[in-house]
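To start, the structure under review is shown below, and the notes come after it.
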Amino acid sequence: MSQQVQGVVAPGKNEAVRVETIVIPDPGPGEAVVKIQACGVCHTDLHYKQGGINDDYPFLLGHEAAGVVESVGDGVTDVAPGDFVVLNWRAVCGSCRACLRGRPWYCFNTHNAKQKMTLTDGTELSPALGIGAFAEKTLVAAGQCTKVDPSVSPAVAGLLGCGVMAGIGAAINTGNVGRGDSVAVIGCGGVGDAAIVGSRLAGAARIIAVDIDDRKLATARTMGATHTVNSRSTDAVEAIRELTGGFGADVVIEAVGRPETYEQAFYARDLAGTVVLVGVPTPEMKLELPLLDVFGRGGALKSSWYGDCLPSRDFPMLIDLHQQGRIDLGAFVTETIGLGDVEEAFARMHEGHVLRSVVML
């Protein structure tokens, strides 16, 4: 039997979000209903609100979440009611060409729940990244649920659902940062700081944080940056080269998603170095680079989908590292808020006042 809960809806482009009553159907085959305990306010949700993803309004926002499985549909065996889970937005299929090659983190057939959540008048909702977790409960594909240690704080666990995993994975999985490497991270919001944490975890010798906000650079230092560059007043490419013996960094992680900062990343890497794009651009953005420079500098230009993570492998591992005190996931939580505070949290995030606001339910 369907149930009604409260959730945060973006009704139209750039309109203020509002808390609405939404209808959650019983889980069908391969689906699960999850009672949400915590959900981070991610910049991707703001992109949805602003129309930067698509125009399938109204959106049920929220995707960086942890909670407890309430019920499951037919055929679900990997999770059961009562399991504490982190939600992920790339439920791998297990049968596409990437999965069959043993590279499920590149799965080309990721899936979400087939049924739609709705408003009480029957209007279908588009859940952000197939999750929609600014809500008391949500309906997802069971493969989007990853069991983790239930003793960890939901506010911390939920961060792995998007931003923190994207950043750590960009460094470790996509960038293949190794011991002794030099790394530059351009953009020191939540994802960029997570890339700094991942680079430190991988053993990077020099981690250069680049941003235009001194507050963010100060935070980046606490996350493990060894050097900082304010690119508002300093040429970022020249500064990174100067800090790496004139060569450029082995790995440059672009966590902004803009052509200007990507170009900085391209020229700030060493010959045969790696650029990782983890910042999310908007559809109208274009990039122009001399093809001879692309050829002549060699190396690799990569984009990082969700940190190229495999949730079943990476989420429990990172929770375990947090529990051991080897990484501090709690450092990403600036504040905890309620469902009715999301609009104001977007403003604070946009202005750079918070690393992560987390909705607690």
Study note, to complete from the structure: Of every hundred units of 1.4 Å-probe accessible area on the stretch 73-168, the number belonging to carbon and sulfur atoms, as a percent, is 46
**Study point:** Acute angle (nearest 10 degrees) that the helix 311-324 long axis makes with the longest principal axis of the chain, alpha-carbon atoms
**Key:** 70
Point to revise | Carbon/sulfur fraction of accessible area - the stretch 259-324, other protein chains in place, 1.4 Å, % | key: 61
Review point. Considering only DSSP beta bridges whose two residues both sit in the stretch 24-155, what percent are antiparallel, to the nearest 5?
Key: 90
Practice item. For residue 147, go through the lysines and keep the ones whose alpha-carbon is under 30 Å away, minus same-chain ones fewer than eight residues off. Key: 35, 49, 114, 116, 137, 302
Review point. When DSSP beta bridges are limited to those with both residues in the chain, what percentage is antiparallel, rounded to the nearest 5?
Key: 55
**Study point:** Karplus-derived HN-Hα couplings along the stretch 12-24 (A = 6.51, B = -1.76, C = 1.60, θ = phi - 60°), whole Hz, x at Gly and Pro
**Key:** x, 4, 6, 7, 4, 6, 8, 7, 10, 7, 10, 9, 9
**Study point:** Cα-only radius of gyration and Dmax that characterise the stretch 217-336, units Å
**Key:** 16.6, 49
Review point. Taking the Cβ of residue 169 as the center, what net charge do the other residues with Cβ under 9 Å away carry, scoring Lys and Arg +1 and Asp and Glu -1?
Key: -2
**Study point:** Cα coordinate range in the chain, projected on the principal axes (Å, largest first)
**Key:** 65, 42, 41
Review point. In what sequence, highest mean first, do 173-186, 267-280 appear when ranked by Cβ atoms within 10 angstrom?
Key: 173-186, 267-280
Exercise for review: Return the whole-Å distance between the Cα centroid of the stretch 1-37 and the Cα centroid of the stretch 286-361.
Suggested key: 24
**Study point:** nm² value of the averaged projected area, convex hull over the Cα atoms of the stretch 17-168
**Key:** 9.1
Check your understanding: When the chain is modelled as a GNM with alpha-carbon springs shorter than 10 Å, which of 309, 107, 39 fluctuates the most?
Key -> 107
Review point. With Cβ to Cβ distances under 11 Å as the rule, what net charge do the other residues near residue 15 carry (K, R +1; D, E -1)?
Key: +2
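Compute the signed sum of charges (Lys and Arg +1, Asp and Glu -1) over the other residues within less than 13 Å, Cβ to Cβ, of residue 37.
Net local charge, residue 37 excluded: -2.
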Check your understanding: Based on Cβ point charges of +1 for Lys and Arg and -1 for Asp and Glu, what charge dipole magnitude is obtained for the chain about its Cα centre, in debye rounded to the nearest 20?
Key -> 840
Exercise for review: Evaluate the charge dipole of the stretch 49-179 about its Cα centre and quote only its size in Debye, nearest 20, assuming +1 on the Cβ of each Lys and Arg and -1 on the Cβ of each Asp and Glu.
Suggested key: 660
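The values are calculated or read from the model by the stated rules, or taken from the named source; none is laboratory data. Bear in mind the structure is a predicted one, so any value in this text is a computation, not a measurement. For neighbour counting, all protein chains shown are included, and Cβ atoms are generated from backbone atoms with ideal geometry for every residue, glycine included. Side chains are part of the model used for accessible areas, which takes the heavy atoms of the whole protein and leaves out ligands, DNA and RNA. Shrake-Rupley method; radii C 1.70, N 1.55, O 1.52, S 1.80 Å.
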